[in-house]
Amino acid sequence: MPLAHWLARRHSLPELRLNHSLPLRILVAITGASGSLYAQRLLDNLDPGQHEIHVVLSQYAPAVIAGELPGGLRLPEGVTAHNLKSMNAPFASGSNAPDAMVIVPCSMGTLGRIAHGYSEDVLLRAADVVLKERKKLILVPRETPLNLIHVRNFELLIQAGAIILPANPSFYTRPASVEQVVDTVVARVLDHLGVAQTLVPRWQAEKE
Ligand SMILES: Cc1cc2nc3c(=O)[nH]c(=O)nc-3n(C[C@H](O)[C@H](O)[C@H](O)COP(=O)(O)O)c2cc1C
């Protein structure tokens, strides 16, 4: 392992400041919440040559993808897709957990099921595994407004170690297309994964 990466890990420095990313094993899960383009843009910006990328779709995801992504979801070459109903995926076991799992977009149904320990398919089981093995679980809900059940589930998941990263785009970089708006969220996901990204310029704090 290069010295800079070793130092970053040892001292919990943000690895995103490094010029390149450590190879990671990342599971991208897509649910039936609106916002399939967030998932597409994330997949478009994860390099399967550098990282091991796996994908799983919830039962309702294909219906929403069909409505939102003309031409459907494009899986980049080198990405491995898994069957929701088969526990034969590596990450169904704590002995083979991924480094990180991103659920994007994350429906409130899936979020609630994870918060309450349901594990009846490989997506839910993987999230359970990621939490128990203290790996990184990033949930990207789009829902608005929120009810108390959503907020309580957010709280439970944060207490269990998950990162709730709502699909709330920012506008200070003046995005000029839907894709650029979406990328303001995808960039934050990549930052939290520790994957180097140049999708969106970083805010330059004023020099004192
Ligand atoms: C067009 C469309 C958009 C939807 N958007 C959302 C959403 O943003 N958030 C959400 O929680 N559910 C949303 N839903 C409802 C979910 O698809 C539904 O609750 C589904 O059962 C979720 O299943 P899953 O968690 O297995 O994907 C949407 C449904 C449709 C048809």
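Bear in mind these aren't lab numbers, they're just calculated from the coordinates by the rules spelled out. The model shown is predicted, which means the values in this text are computed figures rather than measured ones. Cβ sites come from the backbone with ideal geometry, for glycine too, and all protein chains shown count toward neighbours.
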Residues of segment 129-147 that turn out to be touching a helix residue (DSSP H, G or I) at 6+ places or on another chain (Cβ under 7 Å) and outside any strand (DSSP E or B), as a count: 4
Unique residue being farther than 24 Å from Gly194 by Cβ and buried (at least 19 other Cβ atoms within 10 Å of the Cβ) when the list is Asn153, Asn147: Asn153
Matching residues in segment 134-187 - criterion: being on the phi > 0 side of the Ramachandran plot and either among the basic types (Lys, Arg) or within 16 Å of the ligand (Cβ to nearest atom) (or both): Arg134, Arg174
Among the residues listed as Ala196, Ala167, the single one being more than 14 Å from the chain's Cα centre (by Cα) and not in a helix (DSSP H, G or I): Ala196
Any hit, segment 95-114, residues being surrounded by fewer than 18 Cβ atoms within 10 Å (Cβ to Cβ), within 15 Å of the ligand (Cβ to nearest atom) and not in a helix (DSSP H, G or I): no
Where a residue in segment 18-47 is under 22 Å from Ala89 (Cα atoms) and its partner, wherever it lies, is assigned to a loop (DSSP other than H, G, I, E, B) and of a type in the set (S, T, N, Q), with Cβ under 8 Å and at least six apart: Pro23/Gln50; Ala29/Ser58; Ile30/Ser58; Thr31/Ser58; Thr31/Ser107; Gly32/Ser58; Gly32/Gln59; Gly32/Ser107
Enumeration of residues in segment 54-89 that are out of contact with any Lys or Arg (no Cβ under 7 Å at 6 or more places or on another chain), away from the ligand (no atom under 15 Å from the Cβ), of a type in the set (A, V, I, L, M, F, W, C) and in a loop (DSSP other than H, G, I, E, B): Leu75, Val79, Ala89
Hey, Leu43 assigned to a helix (DSSP H, G or I), within 15 Å of the chain's Cα centre (by Cα), away from the ligand (no atom under 16 Å from the Cβ) and aliphatic (A, V, I, L, M) or not: yes
Leu123 assigned to a loop (DSSP other than H, G, I, E, B), touching a residue at least 24 places away in the same chain (Cβ under 8 Å) and either within 16 Å of the ligand (Cβ to nearest atom) or hydroxyl-bearing (Ser, Thr, Tyr) (or both): no
